[in-house]
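Report on one structure; see the data block that follows.
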Amino acid sequence: MTLARRRFDALIIGAGGAGLNAALQLADSDFRVAVVSKVFPTRSHTVAAQGGVNAALANVLPDNWHWHMFDTVKGSDWLGDQDAIEYMCREAIPTVYELEHAGVPFSRLDNGKIYQRAFGGQSQNFGGPQAARTCAAADRTGHAILHTLYQQNLRARTHFFDEYFAIDLIRDDEGAILGALVLEIENGEPLLIEAKATVLATGGCGQVFRTTSNAHINTGDGMAMALRAGIPLMDMEFFQFHPTGIAGKGMLITEGVRGEGGYLINKDGERFMERYAPNAKDLASRDVVSRAIVTEVKEGRGCGPNGDHVLLKLDHLGEEIINQRLPGIRETGRIFAGVDAAKEPLPVFPTAHYAMGGIPTDRFGRVLVPHGTGEEVVPGLYAAGECACVSVHGANRLGGNSLLDILVFGRAAGLDLREQLGRHHRPLDEASVEQAMARLNRWDRKGDGPTVRELRDAFRKAMEDHAGVFRTEEIMSEGLEQLRALREELDAVCLRDHSRIFNTARIEALELENLVDCGMAIAVSALARRESRGAHSRPDYPERDDVNWMKHTLYFREGDRLDYKPVHTRPLTVESFPPKERVY
Amino acid sequence: MPSERELARLRWQCRRGMLELDEILLTYLERHYATAAAAEQAAFRCLLGEEDPQLQRWLLLDERPADARLHALVERLRRLTPTD
C-alpha cells in the first residue's frame, strides 16, 4: 500500500506550551505549520503547571532579571549554562507581556498590573530578601496559557493533527532531519509528514518511574526519537523528586500540608525528620526529605504490609483547617489511598516530578551533537520544553521556571526557524522511511511473549528501586543489570490485539519502547556521576565535585555510551556567577 | 455492552494532562462503565468533553456541575476508592 504523505514548512511534535508557542511564531508569518499531538492539545501536561511563570516584572516587590538569573544559576547548583539562563531571564519579561496581549487572563493587583506571588528560591539583590516573581492566572496558569496559545494558533491557521502518534524522525545520510513518520490513532494508518524543519516539544518522561506525578502521556516520546536518530540526551541523571506523593500512585500532596503543621512518621510513630534535619525538620528541602523517607523504608521502618512507605500525619490539624486551607487533600487521599486525611495519616513516598535533562540544544532551540572537539547543529531539528536541555535548570529546577522555559524557548525556536524556512525541502531518504516503518510493523509480530503491561511494570519498578532517590554504586550497578535484562526482553514482547482501529495497545507498546530508552539514559548517566549535585544525590559521594564533575553528561543509545561537555559559565553580557555552596 | 472499539476510543479520551484525572477516569471506564446504565454511560461520554481544570474542580475540589446527570456521575466518581 502507498504511504500517505503531506508536506509542510515546519512540523511541531507536541502541543504543550513549547510546541504551541513555537507554532504560533511561524503561523503568524504565513508559513505552513503542522502540529502533531497524541492527545487533544489542551489536554497536554502543561495544564498541570498550576503555580505560575517567573518574570522579574517588579510589580509587587523590587526585582531585576539579573537577580532572577542569579537565583536560577544557584538553583541549578552551577550546572546550568549561564548564557542560556541570562537569555531566559531577560526574555521572561517580554514573553509574559506577549502572553498578556494574546489574552492570558493573569490575576491582577488593584493597580491593574499582573499579580506576582513569592515562591521558594526567589531572592532580591543576589541572595537577599524574598522576591515575588511568579505571575499566575489564579490556580490554572498552565491551562490558561495553553488555551490562549491554542486559540491563537487556530486563528493563525496552524494545521493540527490531533490524536496522531509520532513514530520516528526521518533523516538523510548527512544527518539532516526531513520530517517524521506519524500514526493516526483512530484508523492505525501511518502518515509521512515532510518538513523543512521539525521541532520536538513532547514534554517529559516521568512515567519511567513507578511512582510519578506525571500524567500517563509523559512517556519521553521525543527524547527517545532523538536517541534513535543518533542524538544524545544530556544530564538525564538529574530528575526532580517531590517527597510526598501518594504511595504507589504518585499524586502530589502539596508542601503546604507540612507548612500547616503536618508531619511525617515511620512505623514506630517516630517523627523521623527530627533526626535528619533537626532545625527545619519536615520543612527541609525536597531532596533532604525525599532521601530521609527512602532511608526509613530501606532500614525497615516503613509502614504498611510491605513496609514500603511512610505516613504523613495531618489529622491533628482538624477538619476545619484541612477543608479551608488544604482544598482537595481529603478527596485525593480518599480516592487514591482510601484514607480520609482528617481521620488517618496518608501513605506517602517520593514521586518523580520533573526531568531537568533532555535533548541538548542551544538558546535558539537548535539541537546540538558533538563534532570534533566542539559541537554542531543538527540541520532541520529543534527541541524545546521539558524534552529539551538548553540547559537552564542544570541539576535542579526552581518553581515557576518550568512554564518559563517552555514559553521562552518554544518562542525562540519559532523565531529562529522563521529565518531558516526560505530554502527548499531536501530530497526524502526512503531508507530512513523504511526504518521508521519497520519500528511500527515490528508490533505486528504474533506470539506468547511477555505483555506490554508486565514489562512496563517491571521496568518502572526497577527504575524506582535502582535509579530513583537513593543512588549508591551498589544499588545502581545491580539495577543497571536488571534494566538491561528487561531491555533484552522487550524484543520478545508481543501484542494480543493486532487490529488497526483505535488500537491503543499498539500505542502503549510504542510508548514502552520510548520509556525503556529514556530509563536507560537516566540509569547509565546516574551511575557514572560520582558526586552529589542538585537532584542527583549519592550517599557514597556526598559532596559536589566541581573539579571533576562540573560538566554536562551526554548519553548515546548505541552501546550505552557516555560523553561529556563543558558547562557554559560565561553569560551573554554580564559577569559570570562563580560556584559557591548552595545554601538557603 | 459497549464494543471493544468504543472502549478503546474512550480509553484514549481518558488520557488527560493531569495524573489524577487519568486515574479517576480510567478506573471508572475499566471497572464500571460497561455495566453502567445507558444514561450514565452517556453522561460519562459527555464528561470526557470537558476541559481538565473543570474536571479537577468537579472531581477533587468543591464545585459540582449544574446538569443533574453530570452531577450524579461526578458524585459517583468522587466515591471511587483504590479497591473499586
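When Cβ neighbours within 10 Å are restricted to other protein chains, what is their mean count per residue of peptide B:18-29?
Across the residues of B:18-29, the mean count of other-chain Cβ atoms within 10 Å is 6.
To the nearest hundred square angstrom, how large is the accessible surface buried between B and A, total for both chains, probe 1.4 angstrom?
So the total buried area for this chain pair works out to about 3100 Å².
How far apart, in nanometres, would the label points at A:Ser499 and A:Met437 be if each is projected 7 angstrom from Cα along the Cα-to-Cβ direction?
2.6
Evaluate the relative contact order of region A:83-212 (contact order divided by residue number), counting alpha-carbon pairs under 8 angstrom at least 6 apart; express in whole percent.
The normalised contact order for region A:83-212 reaches 13 percent.
How far apart, in nm, are two points set 7 Å out from the Cα along the Cα-to-Cβ line at A:His424 and at A:Val583?
Result for the modelled spin labels: 6.5 nm.
Putting +1 on Lys and Arg Cβ atoms and -1 on Asp and Glu Cβ atoms, find which of A:Ala137, A:Phe31, A:Tyr584 reaches farthest to the positive end of the dipole of chain A.
Comparing the listed Cα positions along the dipole, A:Ala137 ranks first.
With the cut-off at 1.5 for a/c, could you classify the protein assembly as shown from its C-alpha gyration tensor as rounded, prolate or oblate?
In terms of gyration-tensor shape, rounded.
Distance between the C-alpha centers of region A:380-403 and region A:510-526? Whole Å please.
18
Considering chain A, which cysteines have no disulfide-compatible partner, defined as another cysteine with its Cβ under 4.7 Å away?
A:Cys89, A:Cys135, A:Cys303, A:Cys387, A:Cys389, A:Cys494, each lacking another Cys Cβ under 4.7 Å.
As an exercise, use a Förster radius of 41 Å and the Cβ-Cβ distance of B:Glu75 and A:Arg301 to find the FRET efficiency, rounded to the nearest 0.05.
0.60
Shape of region B:4-78 from its Cα gyration tensor (a ≥ b ≥ c, root eigenvalues): rounded if a/c is under 1.5, otherwise prolate when a/b > b/c, or oblate?
Here region B:4-78 falls in the oblate category.
Straight-line reach from A:Lys580: which aspartates and glutamates have a Cα under 20 Å away, not including same-chain ones fewer than 8 places off?
Partners within reach: A:Asp71, A:Asp77, A:Asp81, A:Asp83, A:Glu86, A:Asp287, A:Glu531, A:Glu543, A:Asp545, A:Asp546.
Got a number for the accessible area of A:Glu489? Probe 1.4 Å, square angstrom, nearest 10.
Spelled out: A:Glu489, probe radius 1.4 Å, area about 80 Å².
Compare A:Tyr87, A:Tyr382, A:Tyr115 by solvent-accessible area with a 1.4 Å probe and give them largest first, with all protein chains kept in place.
So the residues, ranked largest to smallest area, are A:Tyr115, A:Tyr87, A:Tyr382.
Report ³J(HN,Hα) in whole Hz for each residue of region A:456-465, in order, from the Karplus equation J = 6.51 cos²θ - 1.76 cosθ + 1.60 where θ = phi - 60°; Gly and Pro get x.
Karplus-based 3J(HN,Hα) across region A:456-465 equals 4, 4, 5, 5, 5, 5, 5, 4, 5, 6 Hz.
Name the shape class, rounded, prolate or oblate, that the alpha-carbon gyration tensor gives for region A:441-541, where a ≥ b ≥ c are the square roots of its eigenvalues, rounded holds for a/c under 1.5, and otherwise prolate holds if a/b is larger than b/c and oblate otherwise.
Because a/c hits 1.5 or more and a/b exceeds b/c, region A:441-541 counts as prolate.
Would you mind counting up the charge near B:Arg9? Only other residues with Cβ under 12 Å from its Cβ, with Lys and Arg at +1 and Asp and Glu at -1.
0
Antiparallel DSSP bridges in region A:323-471: what percent, to the nearest 5?
In region A:323-471, approximately 75 percent of DSSP beta bridges are antiparallel ones.
I'd like the distance separating the alpha-carbon centroids of region A:253-325 and region A:205-243, in whole Å.
Value for the Cα centre distance between the two parts: 27 Å.
For the pairs A:Lys38/A:Lys196; A:Lys298/A:Lys461; A:Lys313/A:Lys343; A:Lys196/A:Lys565; A:Lys267/A:Lys313; A:Lys74/A:Lys281, note any where the Cα-Cα span goes beyond 20 Å.
A:Lys38/A:Lys196; A:Lys196/A:Lys565; A:Lys74/A:Lys281
What order, most packed first, do the peptides A:495-504, A:185-194 have when packing is the mean number of other Cβ atoms within 10 Å of each residue?
In decreasing order of mean packing, A:495-504, A:185-194 become A:185-194, A:495-504.
Which order do the peptides A:294-302, A:116-124, A:564-572 take when ranked by the mean count of other beta-carbon atoms within 10 Å per residue, highest first?
In descending order of packing, they fall as A:116-124, A:294-302, A:564-572.
Would you calculate, for chain A, the mean residue ellipticity at 222 nm contributed by helices, counting each DSSP H stretch of 4 or more residues as -39,500 (n - 2.57) and dividing by all residues, to the nearest 500?
-10500 deg cm²/dmol
Averaged over peptide A:38-47, how many Cβ atoms belonging to another chain are found within 10 Å of each residue's Cβ?
5
So how much accessible area does A:Cys518 have, in Å² to the nearest 10, using a 1.4 Å probe?
Near enough 0 Å² of accessible area.
Let me check against my output: what whole-number percent is the relative contact order of region A:441-541, with C-alpha pairs under 8 Å and at least 6 apart?
It comes to 39 percent, rounded to a whole number.
What number, in percent, do you get for the relative contact order of chain A if the mean sequence gap of Cα pairs under 8 Å and at least 6 apart is divided by its residue count?
About 21 percent, as a whole number.
Skip the ligands, DNA and RNA, and give the accessible area per residue of chain A with a 1.4 Å probe, whole Å².
36
Explain nothing, just compute: Karplus ³J(HN,Hα) = 6.51 cos²θ - 1.76 cosθ + 1.60, θ = phi - 60°, for every residue of region B:27-33 in order, whole Hz, x for Gly and Pro.
For region B:27-33, the Karplus curve yields 4, 5, 4, 6, 10, 10, 4 Hz.
DSSP beta bridges in the protein assembly as shown, what fraction antiparallel, as a percent rounded to 5?
Just about 70 percent of them are antiparallel.
Provide the net charge surrounding A:Ala23, with neighbours chosen by a C-beta distance below 14 Å and charges set as Lys +1, Arg +1, Asp -1, Glu -1.
Summing Lys and Arg as +1 and Asp and Glu as -1 gives 0.
The values are calculated or read from the model by the stated rules, or taken from the named source; none is laboratory data. Quick caveat: nothing in here was measured; it's all calculated off a predicted structure. Cβ sites come from the backbone with ideal geometry, for glycine too, and all protein chains shown count toward neighbours. Accessible surface is based on the protein model in full, side chains and every heavy atom, while ligands, DNA and RNA are left aside. Shrake-Rupley method; radii C 1.70, N 1.55, O 1.52, S 1.80 Å.
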